[in-house]
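J.: Shown below is the structure under consideration.
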């Protein structure tokens, strides 16, 4: 029996296949530009030790291209899955200002400081999937939850990579994903942190900061398993601290 448009529209896996994981041409171009620029930033100090080494630099650059591509893939995937779950068509928008800032900081600091603001996923409403939902149109609370998928996914990859960090490539993969996760919290235009910080539910920001920053600290001093499960506890603690202290004082 043929399925109706409405049945297809409400199917998570159908939407994930046809919207969540299908990139527009503009998204592909934006992703490539982001990967190439941030790979250069992450490999800025890897073009030779005492003297400039073009061959070593090119090799390290292409390694960074692969690692940044992995980080960006999961950064987007975390947002896309949640967006599709709530009935939205996710679309990647790279941040030209963020990428230019990353380049300027890299040159100004000679690669000592790294800025990673890769952009965000913008949500477009899928009409068939949103029918019957409370507050039918684009929901700021759901947007915020989808944006949290960015630091969550990058932190998860960092935890997995930490088990193999004796290998310099996996150590760099862990570092890149940690920076992606932390910078995703920054309330900068065109960055996931913008919707987390200015979300209608302010407690989401508190949880996101506690989860990500606390989890990263645990990861640096313990192991991936403790960090992953401990991050949720720290996120809840930050949630209640924000609720009991910050929010009440501001209110």
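Read the figures in this text as sums done on the coordinates, not as results from a lab. What you are looking at is a predicted structure, and each value in this text was computed from that prediction instead of being measured. All Cβ positions, even for glycine, are placed from backbone atoms using ideal geometry, and neighbour counts span all protein chains on display.
J.: I need two numbers for the range 51-102: Rg to one decimal and Dmax as a whole number, Cα atoms only, in Å.
T.: 15.9, 53
J.: Relative contact order for the chain using alpha-carbon pairs under 8 Å, separation at least 6, rounded to a whole percent? The partial results should precede the final answer.
T.: On the way: 405 pairs, mean separation 42.1, N = 251.
Averaging sequence separation for qualifying contacts and normalising by length gives 17 percent for the chain.
J.: When you have a sec, figure out the Kirkwood radius of the chain from all distinct Cα pair distances and drop it here in Å to one decimal? Could the numbers behind the result be given before it?
T.: Values: mean 1/r = 0.0522 Å⁻¹.
Answer for the chain: a Kirkwood hydrodynamic radius of 19.1 Å.
J.: How would you order 113-121, 33-41, 233-241 from highest to lowest mean count of nearby Cβ atoms within 10 Å?
T.: Working: 113-121: 23.3, 33-41: 21.0, 233-241: 16.8.
Ranked from most to least packed, the peptides come out as 113-121, 33-41, 233-241.
J.: Turning to a different aspect of this structure: What ranking do 174, 100 get, fewest neighbouring Cβ atoms within 10 angstrom at the top?
T.: Arranged by neighbour count, lowest to highest, 174, 100 become 100, 174.
J.: When a footprinting reagent is the concern and you count Cβ atoms within 10 Å, what order do 21, 16 take, fewest first?
T.: Working: 21 14, 16 17.
Listed from fewest to most nearby Cβ atoms, that is 21, 16.
J.: Multiplying the sequence separation of residue 194 and residue 163 by 0.36 nm and subtracting their Cα-Cα distance, what value in nm do you get? Could you put the intermediate results ahead of the total?
T.: Working: separation 31, 0.36 × 31 = 11.16 nm, distance 3.16 nm.
Once the chain is fully extended between residue 194 and residue 163, it gains 8.0 nm.
J.: Quick one: helix 25-42 against the long Cα principal axis of the chain, what's the angle to the nearest 10°, folded into 0 to 90?
T.: 30 degrees
J.: For the range 45-179, what mean projected area does the convex hull of the alpha carbons give, in nm²? Before the final figure, lay out the partial values.
T.: Working: hull surface 38.6 nm².
Across all orientations, the range 45-179 yields a mean hull projection of 9.7 nm².
J.: Still on this structure, please answer the following. Extending each Cα 7 Å along its Cβ direction at residue 110 and residue 11, get the distance between those two points in nm, one decimal.
T.: Placing both labels 7 Å along Cα→Cβ, they lie 5.9 nm apart.
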